[in-house]
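Below is one structure, written out as structure tokens; the observations come after it.
The values are calculated or read from the model by the stated rules, or taken from the named source; none is laboratory data. Remember, it's a predicted structure, so these values are computed and weren't measured experimentally. Heads up, the Cβs are rebuilt from the backbone with ideal geometry, glycines too, and the neighbour counts pull from every protein chain shown.
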Amino acid sequence: MDMQINFPNLGIYLEHVGKSFSVFGFEIAYYGITMATGILVGYLLAAKEAKRTGQNPDNYLDLLLYAVFFALVGARLYYVIFKWDYYGKNLTQILNVRQGGLAIYGGIIGAVITVYFFTKKRKLSFTQMVDTACVGLVAGQIIGRWGNFFNREAFGDYTNGLLAMQLPVSAVRSGEITEKMWEHMEVIDGIQYIQVHPTFLYEGLWNFGVILFLYWYRDRKKFQGELMLWYLVLYGAGRFWIESLRTDQLLIPGIGFPISQLLGAVIAVCGLIAIFVGHKKAKENK
């Protein structure tokens, strides 16, 4: 009875949205399927861009084997560190990612560090590789975010906007339900529903705009690494806004401010400064 997901203001009512499916008795989570699909699509786009720019696509396959592992490690570590009040008392749950618990910023940090050491080892251009990979990274994020949809997580507070999403109370974690959600809770056919911002969808739509910009700008960039910087600026700006809506924010201990919101703002500002400096240097070298 808690499998329904509705978008009432769009007239969309999905009767049965499962979190997993069974193959020979083994449960496979849709969260994992979306992550794997995002990684595959991201790699294919990066390999295509590598071929277009005269690089060896095989380097990106080799990189993928390392980057995926360290990105997942980084994503989990980031999440666990800022949820240590829970994981410190439940150490056995640190490796349990079947219900989510991966922070995208941790994944990006892990991936970028991997690219740095990979390029050092292979004597390749770090800035060229991150420029090539960033379009695939955004595409992977768009697809991967749908894992939050299947898990009924990473949503925002109550809204009655056009994209408002209804979820059964029994399908979400109680700690993510705010007073405002309870005040506007609806009972439909005997089932309690909260109505929330589908922030996973907001981020997907924002990132679709980011990817369109990157494709348009890739032949207009003034220096190697600029495309990745624009990704950081645009994604950081979007995340600063979207993170403010979420009810499952990872907070800075002792301060209580959302770490991903702060990081989004810092990355966006630093990225703009780096682009300005890069343009200035490119102009001086003409």
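Restricting attention to segment 182-201 and to residues that are touching a residue at least 40 places away in the same chain (Cβ under 8 Å) and touching a strand residue (DSSP E or B) at 6+ places or on another chain (Cβ under 8 Å), the residue that is nearest to Gly236 (Cα to Cα) turns out to be Thr199. Report yes if some residue within segment 41-49 is surrounded by fewer than 16 Cβ atoms within 10 Å (Cβ to Cβ), over 14 Å from Gln141 (Cβ atoms), of a type outside the set (Val, Ile, Thr) and free of Cβ contacts under 8 Å to residues at least 24 places away in the same chain; otherwise report no. The answer is yes; a qualifying residue exists. Does Glu243 satisfy the condition of being under 22 Å from Gly136 (Cβ atoms) and out of contact with any Cys (no Cβ under 6 Å at 6 or more places or on another chain)? Spelling it out, it is not the case that Glu243 is under 22 Å from Gly136 (Cβ atoms) and out of contact with any Cys (no Cβ under 6 Å at 6 or more places or on another chain). Could you go through segment 193-212 and let me know if any residue there is assigned to a loop (DSSP other than H, G, I, E, B) and not basic (Lys, Arg). Yes: one or more hits. Pairs linking a residue in segment 10-24 that is closer than 21 Å to Glu153 by Cβ and without any contact (Cβ under 8 Å) to a residue 24 or more places away in the chain to a residue that is aliphatic (A, V, I, L, M) and part of a loop (DSSP other than H, G, I, E, B), with Cβ atoms under 7 Å and 6 or more positions apart or on different chains, are His16/Met3.
The set of residues from segment 155-183 being over 17 Å from Gly18 (Cα atoms) and surrounded by 17 or more Cβ atoms within 10 Å (Cβ to Cβ) comprises Phe155, Gly156, Asp157, Tyr158, Thr159, Ala164, Glu176, Ile177, Met181.
Counting just the residues of segment 95-109 that are surrounded by 17 or more Cβ atoms within 10 Å (Cβ to Cβ) and either of a type in the set (A, V, I, L, M) or at pLDDT 95 or above (or both), which one comes out nearest to Ala47 (Cα to Cα)? My answer is Ile108.
Looking at segment 79-127 only, could you name the residues that are among the basic types (Lys, Arg) and either in contact with a Leu (Cβ under 8 Å, 6 or more places away or on another chain) or not in a loop (DSSP other than H, G, I, E, B) (or both)? If the condition is that a residue be among the basic types (Lys, Arg) and either in contact with a Leu (Cβ under 8 Å, 6 or more places away or on another chain) or not in a loop (DSSP other than H, G, I, E, B) (or both), then Lys83, Lys120, Lys121, Arg122 are the ones that fit. Please verify whether Tyr60 is over 23 Å from Leu124 (Cα atoms), touching a helix residue (DSSP H, G or I) at 6+ places or on another chain (Cβ under 6 Å) and part of a helix (DSSP H, G or I), treating the condition exactly as stated. No.
Scanning segment 179-200 for residues that are within 14 Å of the chain's Cα centre (by Cα) and either at pLDDT 95 or above or among the β-branched types (Val, Ile, Thr) (or both) gives Pro198, Thr199.
Scanning segment 110-145 for residues that are surrounded by fewer than 17 Cβ atoms within 10 Å (Cβ to Cβ) and hydrophobic (A, V, I, L, M, F, W, C), we see that the one that is farthest from the chain's Cα centre (by Cα) is Leu124.
Number of residues in segment 227-269 that are surrounded by fewer than 20 Cβ atoms within 10 Å (Cβ to Cβ), touching a Leu at 6+ places or on another chain (Cβ under 8 Å) and in a helix (DSSP H, G or I) equals 2. Of all residues in segment 147-178, those satisfying the criterion of being closer than 18 Å to Gln249 by Cα and in a helix (DSSP H, G or I) are Gly147, Asn148, Phe149, Asn151, Ser174, Gly175, Glu176.
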